[in-house]
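Just so it is clear, none of the values below were taken in a lab; they were calculated from the coordinates. Just so it is clear, the structure is predicted and the values come from calculations on it, not from any experiment. Virtual Cβ from ideal backbone geometry, glycine too; neighbours counted across all protein chains shown.
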Amino acid sequence: MSLNNINTPIREAEKTMNKFTKAIELAIIDPPDVQIGTTPHEVVFTENKLRLLHYSPVVKDPEAVPLILIFALINRPSILDLKPGRSVVEVLLNKGIDVYLIDWGAPGDEDNHLDLNHYVNRYIKQVIKKVKRISGSEKVSILGYCMGGTMSAIYTALHPEDVKNLILLTAGIDYKVEGTLSLWGDKENFDVDKFIDAFGNAPPEFLQSGFLFLKPVQNMISKYVNFYENIDNEAFVDNFLAMEKWLNDNIAVPGEVFREFIKYFYQENRLVENKLRINGELVELKNIKCPAMNLIAEHDHLVPPDSSIGFNDLISSKDKETIVFPSGHIGLSVSSKSLKGLWPEVADWLIKRSK
Amino acid sequence: MSNESSDHSEQYKKFYETWEKTMTEAMDIWRSNPLFNGEAHGGSDNAAHYKKFYETWEKSSSEIMEKWVNSPLFAANIGKAVEKSSELKKYFDDAVEKTLKNMRFPTKSDVDRLHASINNLEEKINDLTDKIEDLNQPGKATKK
């Protein structure tokens, strides 16, 4: 064997080792501090941990009817404004929409009593009141993401006079569908009372590990292998690090609202069965009469498409549309495909109905 | 009970069979690797082989794992584990709380109650601010 024959594999092994070390350092040991959620905004209202963000318009005369983004209670809302060029907020602003966002903040142990009624009839109601006052508009448009979508639908059913347009983004409505979370949350398998009575709030580590286990190989192995293979691609690395920052910045879910979500939706499917009462008032989806758009991710493993697809059949709106987009739960708000192919269309739909 | 255990053993069997199939496929690819056969060529050939091996392993492992976490057996077991750890945490927290109370120390519940009172006060201030703003808006003042 010639010296060259030995040197080549050694050099290759060294190169691979260096690449591997760099990947491990960047992804796990010492990830650089990446800024996410940086679109200029002002905090216009606070209550407890809640902050209402108003994004600075980028057009001279933004649309008169403001849009409020209502995020889930799990994870941070910065996924809707990940980084320049990867931001739903940015697309909406560029189209001339006046955008507000509810950042629920990180609940503390003292917030474990906050229930669905408090979120819907106190927080969302207060926010809408504030936005109406700032904008001078009689009504607002709402875009609810995931759990935030379920709460937006509930709010619109209870207070239809406030809502001009309703957009749901991967929102769970019918929970009696096949899905891993439905199976885990089933009454037979999960004693939510015992869990919340002991932990107070649903701890972020519990939620995070649950999500990791939904797709264990992809989340714990493939993701890092893919990162290693693309370590020399600067744009890929930037996006990966921004996503990792968002994914690892988990927050607790207040105990009472978690208990109610599991019981009322996963275990009893009350919303679809017309049995959900908030503060004694029956939530009837047929009370929703405003224009509605239902955005569904075709490959959603958290909220299966079947869980959202029937929403438009349950409401009375005449102007309604469903879009099933070929992406996953998170991809619907961060993939370049959806930011180019879906969100401009959503913005146009909204603008047409905001006059 | 016997029914339950036979269901479980059926699931374990399915899981094992799928795992065995996967590993056999992956090992077949590995065995056809020139390195394994002592016929090492250039680096790119080997890299391509590793990649193929990994992709086969990844695809089938994902399928097995997803089947596994989607099985009633997994859901029941993980539910039991959560239930037992909840019982343990509650027992421990209650013991700490009682001990601190007996020692006349403020407990976590006391601090939580204090925080919640501050939050209630903030809500009241926000309500009052709202009322003032309503009164200051000509033609929009409402009677309550």
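Remarks
- Label-point separation, A:Glu321 to A:His301 (7 Å along Cα→Cβ), nm: 3.1 nm
- Counting neighbouring Cβ atoms within 10 Å and putting the fewest first, the residues A:Arg270, A:Arg11 line up as A:Arg11, A:Arg270.
- Simple Cβ-charge dipole of the protein assembly as shown, Lys/Arg +1 and Asp/Glu -1, about Cα centre, in debye nearest 20: 1260 debye
- Taking 0.36 nm per residue of separation and subtracting the Cα-Cα distance, full extension of the segment from A:Asn279 to A:Asp193 would add 29.0 nm.
- Relative contact order, percent, chain A [alpha-carbon distance under 8 Å, six or more residues apart]: 22 percent
- Listed residue (A:Ser333, A:Val131, A:Asn121) projecting farthest to the positive dipole end of chain A, Cβ model: A:Val131
- Working from Cα pairs under 8 Å separated by at least six residues, relative contact order for segment A:141-204 is 29 percent.
- Label-to-label distance, B:Lys67 versus B:Glu97, with points set 7 angstrom from Cα along the beta-carbon direction: 4.5 nm.
- The local environment of A:His113, defined by Cβ-Cβ distances under 11 Å, has a net charge of -4 under the rule Lys, Arg +1 and Asp, Glu -1.
- Listed residue (A:Gly280, A:Ile296, A:Leu247) projecting farthest to the positive dipole end of segment A:245-304, Cβ model: A:Gly280
- Anisotropy class of segment B:66-128 from Cα gyration tensor, a/c 1.5 cut: oblate
- In chain A, the longest principal axis of the Cα atoms and the axis of helix A:3-24 are about 30 degrees apart.
- By other beta-carbon atoms within 10 Å, ranking A:Val89, B:Val82, A:Val237, A:Val324 with the fewest at the front produces A:Val324, A:Val237, B:Val82, A:Val89.
- The protein assembly as shown, helix-only ellipticity at 222 nm - DSSP H runs n ≥ 4, -39,500 (n - 2.57), divided by all residues, nearest 500: -16000 deg cm²/dmol
- Segment B:Glu133-B:Ile118, extension gain: residue separation times 0.36 nm, minus the distance between their alpha carbons: 3.2 nm
- DSSP beta bridges in chain A [antiparallel fraction, %, rounded to 5]: 40 percent
- Helix axis angle, A:125-135 relative to chain A longest principal axis, alpha carbon, degrees: 90 degrees
- If you take the Cα centroid of segment A:281-330 and the Cα centroid of segment A:155-194, the two points sit 11 Å apart.
- Cross-link reach is defined here as a Cα-Cα straight distance under 26 Å, omitting same-chain residues fewer than 8 places apart; for B:Lys124 the lysines meeting it are A:Lys49, A:Lys125, A:Lys129, A:Lys130, A:Lys132, A:Lys139, B:Lys108, B:Lys140, B:Lys143, B:Lys144.
- Computed from the C-beta positions of B:Lys52 and A:Ala13, the FRET efficiency with R₀ = 25 Å rounds to 0.80.
- Taking label points 7 Å from Cα along the Cα-to-Cβ direction, B:Lys80 and A:Val225 give a separation of 3.2 nm.
- Oblate is the label for segment A:51-150, because a/c, from the alpha-carbon gyration tensor with a ≥ b ≥ c as root eigenvalues, is 1.5 or above and a/b does not exceed b/c.
- Under 13 Å of direct C-alpha separation, and excluding same-chain neighbours fewer than eight residues apart, A:Lys60 reaches these aspartates and glutamates: A:Asp98.
- Cα extents of segment A:245-297 along the three principal axes, largest first (Å): 39, 27, 18
- Cα-based shape type of segment A:41-352, given that a ≥ b ≥ c are square roots of the gyration tensor eigenvalues and the cut on a/c is 1.5: rounded
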